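Novice: One structure, as structure tokens, below. Some questions next.
What follows is calculated from the coordinates using simple rules that are stated; it is not laboratory data. The structure presented is a predicted model; accordingly, all values stated were derived computationally and were not measured. Reconstructed Cβ throughout: ideal geometry from the backbone, glycine too, with neighbour counts over all protein chains shown.
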Amino acid sequence: MTQRVELATVMDRLAIEELITDYAVSVDDGDWTAYRGLFSPDGRADYRRAGGIEGSAAEITEWLTRTMELFPMRQHLIANRRLRFGRLDNDIGDTAEVQADYINPMRFAGDGAGSASDAPSNAPAGAPDFVCGGRYAFTLVRTHSGWRLRGVTVHEKWRRTEGAAAATAP
């Protein structure tokens, strides 16, 4: 590899890392305009294995807008990112796949069933009362606007609610 190719690869990796971080931050902050902007025009997401829906980025954005109202506090932590650039047919590196593990502590809204007021009395103030973890599968495509998400698939592996005796599978 030449230095120019190696530098381009490093720059792509950094841009993709930033995109994945922007994904987590936009969901955690409820910035649905930013979330929608992370996707390519044909972008889709599949949250079914985490109790959600599958659909276009616009449909998922609408669903997340409503669903995340239940969790005013959320904080995705994404780690163990494995990045592979595409090498299919005529693809010269304009696609990529990222596999990444996540853990996501969240706090329920303060009213209704499963609310923060239902948390055990020994739970620290502000402690999450719902935590889930699993693995993301991201597919990305290089566009004229930079790298964008073509697909997001969530594979939830476990979840725990405060006071539960053990972790449960979805």
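Novice: Compute the Cα gyration tensor for segment 1-82, then decide on rounded, prolate or oblate, letting a ≥ b ≥ c be the square roots of its eigenvalues: rounded whenever a/c is under 1.5, prolate when a/b is larger than b/c in the other cases, and oblate in all that remain.
Specialist: Prolate, because a/c is 1.5 or more and a/b exceeds b/c.
Novice: Using a Förster distance of 22 angstrom, determine the FRET efficiency expected from the C-beta separation of L7 and N80, and round it to 0.05.
Specialist: Efficiency, from the Cβ-Cβ distance: 0.30.
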